[in-house]
Amino acid sequence: GAGVSQSPRYKVAKRGQDVALRCDPISGHVSLFWYQQALGQGPEFLTYFQNEAQLDKSGLPSDRFFAERPEGSVSTLKIQRTQQEDSAVYLCASSLTVGQGTEKLFFGSGTQLSVL
Amino acid sequence: QKEVEQNSGPLSVPEGAIASLNCTYSDRGSQSFFWYRQYSGKSPELIMSIYSNGDKEDGRFTAQLNKASQYVSLLIRDSQPSDSATYLCAVNTGKTSYDKVIFGPGTSLSVIP
């Protein structure tokens with residue numbers, strides 16, 4: 001596609017439910033990032049994929065958070081047993097190459113998760 | 001200490017004025033610096049990148065980098081109401097083999113007509 005696509009755009013979950021958020025990056029982009037953005041804050045790094053390999057998951061808040069990119073394209077961020085503090089916008093970003101230091105991140109529109 | 005810090009804002013300037021946005025970072029080895037603009041309810045978009053000390057100009061925008069002071073700034077000349085947004089400073093520390101970008105908390109800018 002022309003840009004990074006995320007779905008759903010909005011998700012409301014009851015506390016304790018599991019959710020799955022999808023990211024479809026720009027075709028051919030090697031790098032894929034997930035960020036969490038709380039209201040009024042900057043994006044916080046969650047995890048990074050280089051093709052299908054998850055090279056960095058240091059930002060995942062707890063073991064309830066899990067991400068995958070099995071074929072090196074579409075990625076899914078799964079949150080188990082959602083809590084109210086998980087309410088945020090989840091942003092996916094992709095970039096063409098790796099380790100150039102200059103790469104522009106292309107962001108999707110995000111998924112706004114509200115946990116009631 | 002946060003890795004990337006910015007003026008808390010919000011910052012209000014009249015139309016036509018210069019808006020000055022500031023950012024400091026903690027990792028002295030950081031190599032690449034970015035300014036992203038985020039309109040309310042939208043995703044961030046890159047507006048400037050800078051890699052070496054000094055100024056970089058692009059239209060009404062000027063990014064300034066001082067690695068010795070660990071300081072990055074963004075100047076917006078002839079501010080327009082359409083510039084009203086949150087400006088995110090972002091840094092690639094260069095510590096990883098990939099382009100790990102860390103964002104600051106953002107500064108909200110309002111340009112008053």
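Can you pull out every residue in the stretch B:1-17 that is under 15 Å from residue B:84 (Cβ atoms) and of a type outside the set (Gly, Ala, Ser)?
B:10, B:11, B:13, B:14, B:15
If you check residue A:71 against the conditions, is it more than 20 Å from residue B:100 (Cβ to Cβ) and either at pLDDT below 95 or within 11 Å of chain B (Cβ to nearest Cβ) (or both)?
Considered against the rule, which asks whether it is more than 20 Å from residue B:100 (Cβ to Cβ) and either at pLDDT below 95 or within 11 Å of chain B (Cβ to nearest Cβ) (or both), residue A:71 comes out as yes.
Just the residues that are closer than 19 Å to residue B:82 by Cβ, within 10 Å of another protein chain (Cβ to nearest Cβ) and hydrophobic (A, V, I, L, M, F, W, C), please, taken from the stretch B:27-61.
Scanning the stretch B:27-61 gives a single hit, B:46.
Which members of the stretch A:26-51 meet the condition of being more than 18 Å from residue B:106 (Cβ to Cβ), of a type outside the set (S, T, N, Q) and not in a strand (DSSP E or B)?
A:26, A:28, A:29, A:30
Run down B:69, B:82, B:110 and say which single residue is assigned to a loop (DSSP other than H, G, I, E, B), surrounded by fewer than 20 Cβ atoms within 10 Å (Cβ to Cβ) and more than 14 Å from chain A (Cβ to nearest Cβ).
B:69
Being surrounded by fewer than 19 Cβ atoms within 10 Å (Cβ to Cβ), free of Cβ contacts under 8 Å to residues at least 40 places away in the same chain and under 15 Å from residue A:91 (Cα atoms) is the filter here, so list the residues in the stretch B:20-52 that pass it.
Those that are surrounded by fewer than 19 Cβ atoms within 10 Å (Cβ to Cβ), free of Cβ contacts under 8 Å to residues at least 40 places away in the same chain and under 15 Å from residue A:91 (Cα atoms): B:41, B:42, B:45, B:46.
The values are calculated or read from the model by the stated rules, or taken from the named source; none is laboratory data. Note that this is a predicted model, so its numbers are computed, not measured. Every residue, glycine as well, gets a Cβ built from its backbone with ideal geometry; the counts of neighbours run over all protein chains shown.
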